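Below is one structure, written out as structure tokens, with a few remarks after it.
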Amino acid sequence: MNISVSELIVRYLERLGIDTIFGMPGAHVLPIYDRLHDSGVKSVLVKHEQGAAFMAGGYARISHQPSACITTSGPGATNLITGIANAYAERLPVLAITGETSTYIFGRGGLQESSGEGGAIDQGALFASITRYHKLIERTDYLGQVLNQATQALLGREPGPVLLSIPYNVQKETVDDSVLEQIHFPRKATARHTASVAELAALIREARTPAIIAGHGCIQAGARDVVAAFAERFDIPVTTSLKAKGVVAEGTPLSLGCLGVTSNGEAYRYLVEHADLLVFLGASFNERTSYLWDAKLLGGKKIAQVDRDAAQLGRVFQPDVAICGDIRAVVEDVSAALEADAMPPKSRERLDSHHATAPPATGNDQAAQAEPFHLIRAFFGQLAQRFPHNALVFDDNIVFAQSYFDVSDRNHYFPNTGISSLGHALPAAIGARCFAKDSPTFAILGDGGFQMCCMEMMTAVNYGIPLNVVVINNGTLSLIRKNQFQLYGERYIDCDFSNPDFGLLAQSFGVNHFRIETEAELDAMFANADLSGTINLIEILLDKHAFPRYLSAR
């Protein structure tokens, strides 16, 4: 049966399991929007196309499924670039669909043309380095092959974003719907591993004080439960990268917390002073996690590395044992091997001593109140206590959460990593909440980042998407001010600014507003506010001269 290309694209979305698409219409993409009207795919109108890409990324992060965004040609497409670049860095399966001028006016100066002809911007070239696959579809005779390649890129072993740019006249052409039968969905084959687990089991058996460094690969592999069970069975402490917070419930005896330059240093101290074997599970050991590749972390220890990506093995350090394979499968096999040998649990003596000698989070109540970040610390403490499971937390301002937020093994913490774009948390949280409709959702931003994306709060209002937007109000770009304080002799330039009245802003949006200046006000908000079913703008005041004293890379 012949159908329009625009209808075929919508059916393709449905075949991918996409039920929500984020975007903004324009003349060159209206044929697809018209077919969305009667489809099972809900369209969400955003305030800026960058927000659409971030929302699609947030949806993909929580669902582990393909997501989609749609814009018109020219500026609509170029406004996607930051969000698609972030999806590329995070390996998120985001399908971006853009319109394009009709092929018969390519190179003639058409409105918003981005074909690359006749001096027009070349949209494909702009997206070439931030997508797994991109295609300007100028004909219908190869449409099936294009959609099949797009599917392989979205759903393959190393997924990532895909861009399909479809000229206006091509959208209105007809094709046989059997084109959809040319699409093959890759099988989710699970590789056990390419090396024997015997060597890794031997290292663990011989070690006196092994420690696990769990990375985001554990979450991608769905291995949170097996890593936690393995650690508990053999009494092996676990620290995580920032993106892996919650692989083992933080605040429990075997958790060393988060490892990284902006953390409280407890994991670093244990690894340097006590560990004799480090087992990396899906952790890339990047600049933050490694304390700028501090040699003391790895010195004098045996090293094992397990990762599904062979390119990660030995990329930063030379492991004694390297295994390329599915992390869940490898941990299960190592555990079985150690069980077969009846290996007893490791001694907790050094771990218990380490916990006992850790400096207190705060001293007495008076000292706690004087501590410059006491409101931030108290907020994260309340968040962990009152929402111990099923919460989604998207965090642009990752410095505080790394030390103050104990993520449970039933919560989901999404730090702003990828390309670390300010203004990411709010739209990403909206996208995630569109999938996880019953999950209390928090977007945490600095006031600078919030002003980059604040109008997307109206997207949440327009669609009744419950959301808590937490803005740390200190009237400055904190990282810039910190660097200018530490590295540039306090020569402050373009870091301080004035904020709007957030209460009036919330009123204009029609959302609730909470201004937090004391812990009593914080307690009252958590006790009385509906943080699960409404939209709230929560403003936490912070002195602009207060910032963590870690030293940024020079």
*Tabulated pairs, the range 222-234, first at negative phi, second acidic (D, E), C-beta under 7 angstrom, 6+ apart or interchain*: R224/D409; V226/E332; A228/D409
*Which residues, taken from the range 1-60, are within 19 Å of the chain's Cα centre (by Cα) and part of a helix (DSSP H, G or I)?*
E49, Q50, G51, A52, A53, F54, M55, A56, G57, G58, Y59, A60
*Just checking, which of S508, S439 is surrounded by fewer than 14 Cβ atoms within 10 Å (Cβ to Cβ), more than 19 Å from N397 (Cα to Cα) and not assigned by TED's automatic domain parsing to the domain that holds N79?*
S508
*Check whether at least one residue in the range 376-386 is in the same structural domain as L505 (by TED's automatic domain parsing) and under 23 Å from C218 (Cα atoms), and report yes or no.*
yes
*Can we say N462 is out of contact with any strand residue (DSSP E or B) (no Cβ under 6 Å at 6 or more places or on another chain), buried (at least 20 other Cβ atoms within 10 Å of the Cβ), more than 20 Å from L242 (Cα to Cα) and polar (S, T, N, Q)?*
no
*Mind checking whether some residue in the range 452-461 is assigned to a helix (DSSP H, G or I), under 19 Å from F400 (Cβ atoms) and of a type in the set (S, T, Y)?*
no
*asked:* Tally up the residues in the range 55-88 that are basic (K, R) and within 12 Å of F127 (Cα to Cα), please.
replied: 0
*Would you be able to tell me the number of residues in the range 98-123 that are surrounded by fewer than 22 Cβ atoms within 10 Å (Cβ to Cβ) and not in a loop (DSSP other than H, G, I, E, B)?*
4
_Evaluation of K135 against (1) without any contact (Cβ under 8 Å) to a residue 12 or more places away in the chain; (2) part of a strand (DSSP E or B) (one fails), failing number_ = (1)
_Of everything in the range 313-338, what is without any contact (Cβ under 8 Å) to a residue 60 or more places away in the chain and of a type outside the set (K, R)? Give them in sequence order._
L313, G314, V316, F317, Q318, P319, A336
_Tabulated pairs, the range 257-275, first over 15 Å from S290 (Cβ atoms), second β-branched (V, I, T), C-beta under 6 angstrom, 6+ apart or interchain_ = H274/T209
_Condition first: part of a helix (DSSP H, G or I) and modelled with pLDDT of 95 or more. Now tell me which residues in the range 229-259 satisfy that._
A229, F230, A231, E232, R233, F234
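Restricting attention to the range 65-92, and to residues there that are under 19 Å from G282 (Cα atoms) and out of contact with any Pro (no Cβ under 9 Å at 6 or more places or on another chain), which single residue is surrounded by the fewest Cβ atoms within 10 Å (Cβ to Cβ)?
A89
The values are calculated or read from the model by the stated rules, or taken from the named source; none is laboratory data. No experiment lies behind these values; they were computed from the predicted model shown. As a convention, Cβ positions derive from the backbone with ideal geometry for all residues, glycine included, and neighbour counts pool all protein chains shown.
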